[in-house]
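Let me begin by presenting the structure, written as structure tokens, before commenting on it.
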Amino acid sequence: MNTDILFTPFESGNFKMSNRIAMAPMTRSRTAPGDVPIPMMATYYAQRASAGLIISEGTPVSAEARGYSMTPGIYTAEQIEGWKMVTKAVHDKGGKIFVQLWHVGRRATTSVAGTKPLAPSALKVDDKIFGPLADGGYGMIETDIPKAMSLEDIERTKNDFLNAAKNAMEAGFDGIEIHGAHGYLFDQFFRRDCNERTDKYGGSIENRARLAVETVEMIVNEIGSDKVAIRISPFLAEGTGGVHDDEMPKLALYLMQKLSPLRLAYLHLSENISNFKHVPDSFRVQAREAYQHPIMVCGDYTKESGAEIINKDWADLVAYGRPYIINPDLVERFKNNYPLNEMTEKAHSQFYGGGEEGYTNYLPYR
């Protein structure tokens, strides 16, 4: 298969990438107290700057949006200053970086968020998150029963995302991606099993998509459509207790239709991880009809399968996650057919927390 398409520049309006390979957002849990980015993070992202686009790890938009310990925020002055160090390091290497704005919703504990987790409805998910243990260390802990969001909570949350987007511009990011996937807040509103609301944010597909549409529109009006993206996962049951909602593909297509006039930088489809269903070809075709702007896909793609989905015109961009942890020069390895480092049990154990080992000590191919 000819994989050259992956290495060609991409342009859609004012959104441009030097190649069609993105680094997917991945939580790594390495911050200073106060969830402030540290110099080691700047090194980590700069090492991977040959990606056409880096999407940062999930970044909470407020203290109450947090779910995992040691995830960098973007709602305090100290956090913004920390991110400036990261964006400068990436830009100095010729790279481009979006921040992924995050609210975990019910996938949280009071011990991390500081308040009772928020969700569309007061329904607990069978889930564990990375948080503080009784012995003072960190590990996987059970989530709490959330509070059903009031309309005031919803308005505050929308404004938290808007303020985070403004902060991202101040911090030097090239744009923002809203995390609307993987059983986090927006995905919780999408899904019937965790959204039992009877107001304008629950019930019909239109109502369950409303929060996402309103939030995207607010941010587009503030910073421009070419700097805004959203990630969704209609075929995953990640963070849902394994429950698939068979209306999700239909809701996703409705959401695409609503967002299409906004001409976002891209729409990001997360696939083929955790508890997933195969994405049918018919959905790919419908997605192109509903959303005629850039589509990014992510989910265990190889160089060959990534090139194939672009050549079929079912996507424009491909994001790679775990391969980027252990191959900082992934673009060069793909382009030159260099061997890839393989994921090991040790590498997997170093995903969350820790220091340079398993984070910045992976070297480019020599």
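Just a few scattered comments:
- Of all the numbered requirements in (1) in contact with a strand residue (DSSP E or B) (Cβ under 6 Å, 6 or more places away or on another chain); (2) surrounded by fewer than 22 Cβ atoms within 10 Å (Cβ to Cβ); (3) closer than 18 Å to TYR184 by Cα, GLY241 misses one, and that requirement is (1).
- In the stretch 296-331, the qualifying residues are those that are acidic (Asp, Glu) and touching a Pro at 6+ places or on another chain (Cβ under 7 Å), and the one that is nearest to LEU236 (Cα to Cα) is ASP316.
- Some residue of the stretch 112-119 being touching a Leu at 6+ places or on another chain (Cβ under 8 Å) and assigned to a strand (DSSP E or B): yes
- In the stretch 32-53, the residues that are closer than 27 Å to GLU11 by Cα and either at pLDDT below 95 or assigned to a helix (DSSP H, G or I) (or both): ALA42, TYR44, TYR45, ALA46, GLN47
- Only listed residue being crowded, with 16+ Cβ neighbours inside 10 Å and without any contact (Cβ under 8 Å) to a residue 24 or more places away in the chain, chosen from PRO234, PRO323: PRO323
- Pick from the stretch 132-168, criterion of a type in the set (Asp, Glu) and closer than 30 Å to GLY224 by Cα, ranking: surrounded by the fewest Cβ atoms within 10 Å (Cβ to Cβ): GLU152
- Selection within the stretch 125-144 - out of contact with any strand residue (DSSP E or B) (no Cβ under 9 Å at 6 or more places or on another chain) and of a type outside the set (Asp, Glu): ALA134, GLY136, GLY137
- Within the stretch 184-195, residues that are within 14 Å of LEU255 (Cβ to Cβ) have Cβ atoms under 8 Å from residues that are among the charged types (D, E, K, R) in these pairs: PHE189/ARG208; PHE189/ARG210; PHE190/ARG208; PHE190/ASP245; ARG191/ARG208; ARG191/ASP245, counting only partners at least 6 apart in sequence or on another chain.
- Test for VAL86: is it modelled with pLDDT of 95 or more, within 20 Å of the chain's Cα centre (by Cα), assigned to a helix (DSSP H, G or I) and buried (at least 23 other Cβ atoms within 10 Å of the Cβ): yes
- Filter pass, THR110 being modelled with pLDDT of 85 or more and farther than 21 Å from ASP193 by Cα: yes
- THR240 within 17 Å of the chain's Cα centre (by Cα), at negative phi and β-branched (Val, Ile, Thr): yes
- Residues that are touching a Ser or Thr at 6+ places or on another chain (Cβ under 8 Å) and among the hydrophobic types (A, V, I, L, M, F, W, C) were ranked within the stretch 252-269; the one that is farthest from ALA22 (Cα to Cα) is LEU262.
- When residues in the stretch 54-75 are screened for being assigned to a loop (DSSP other than H, G, I, E, B), at pLDDT 95 or above and out of contact with any Asp or Glu (no Cβ under 8 Å at 6 or more places or on another chain), 1 of them pass.
- Boolean, PRO249 is without any contact (Cβ under 8 Å) to a residue 24 or more places away in the chain and either in a helix (DSSP H, G or I) or under 13 Å from GLY299 (Cβ atoms) (or both): no
- So LYS200, is it assigned to a loop (DSSP other than H, G, I, E, B), at pLDDT 95 or above and farther than 23 Å from SER274 by Cα: yes
- Selection from the stretch 315-327 of residues that are of a type outside the set (D, E, K, R) and within 26 Å of SER12 (Cα to Cα): ALA315, LEU317, VAL318, ALA319, TYR320, GLY321, TYR324
- Of residues in the stretch 89-117 being crowded, with 17+ Cβ neighbours inside 10 Å and among the polar types (S, T, N, Q), the one nearest to THR240 (Cα to Cα): THR109
- Among (1) under 25 Å from VAL297 (Cβ atoms); (2) part of a strand (DSSP E or B); (3) not β-branched (Val, Ile, Thr) - the single one GLY105 does not satisfy: (2)
- Screening the candidates ILE80, ILE54, ILE38 for the property of being buried (at least 22 other Cβ atoms within 10 Å of the Cβ) and among the β-branched types (Val, Ile, Thr) yields one hit, ILE54.
The values are calculated or read from the model by the stated rules, or taken from the named source; none is laboratory data. Computed from a prediction, not measured in an experiment: that's the story for all the values here. Heads up, the Cβs are rebuilt from the backbone with ideal geometry, glycines too, and the neighbour counts pull from every protein chain shown.
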